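Below: one structure, written as structure tokens.
What follows is calculated from the coordinates using simple rules that are stated; it is not laboratory data. None of these values were measured; they are calculated from a predicted model.
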Amino acid sequence: MALIVTALLPPDIFAWAEGLRRAHFPPERNLVPAHLTLFHALPPSAEDEARRLLARTAREWTPVAASISRLLDLGKGTALAVDSAGMDALRADLAHHLHGLLSAQDDHPPRLHITIQNKVAKDAARALQAELGKTLRRRDFLFAGLALHRYLGGPWAPLGMWSFSGKKRG
């Protein structure tokens with residue numbers, strides 16, 4: 001099964017996003033907690049390489065600054081848009097090292113986001129965006145590290161987490 005790479009959210013941002021996700025994500029589809037995906041589908045054969053790369057990257061980088069100040073319309077869902085030049089740079093560095101292993105979905109810069117609702121009617125998504133848009137305020141935070149997971153056809157199995165501890169800033 002494919003490997004997934006995520007950026008670790010700090011506890012306060014995770015709790016907030018997870019609360020929104022539990023309130024608005026269809027329960028039968030809500031199989032993983034709130035997260036920010038950097039890579040959706042690395043091949044399983046790349047697990048050892050991914051572990052080494054994520055561990056090295058976490059040792060090199062300081063916690064990465066980010067902010068949430070707007071919503072992202074996913075068509076049939078809603079996400080918290082994440083702005084982070086540092087995470088964009090870190091992900092680009094990872095993508096360079098993983099070149100040749102990336103799926104079509106992962107072989108381009110992503111729109112960083114945390115999905116809080118998906119696979120609902122477009123009207124329901126727009127209603128949530130209108131509701132949350134009234135109270136959404138900018139939240140600045142630091143990504144805490146990186147994580148690797150195995151996709152299990154819905155849920156994920158954690159394979160490792162690495163906290164940022166280096167000096168390189170994005």
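Taking 25 °C and 0.890 mPa s as the conditions, I'd like the Stokes-Einstein D for region 85-170 in µm²/s, using the Kirkwood hydrodynamic radius from alpha carbon pairs. Before the final figure, lay out the partial values.
On the way: Rh = 16.3 Å.
Rounded to a whole number, D works out at 150 µm²/s.
Under 28 Å between C-alpha atoms is the cut-off here; go through the chain and count lysine pairs that meet it, provided they're at least eight residues apart or on different chains. Mind showing how you got there, number by number?
Numbers: 76/119; 76/122; 76/134; 119/134; 122/134.
The number of close lysine pairs in the chain is 5.
Along the principal axes of its C-alpha atoms, what lengths does region 3-162 span, in descending order and rounded to whole Å?
Cα spread of region 3-162 along its principal axes, largest to smallest: 43, 32, 26 Å.
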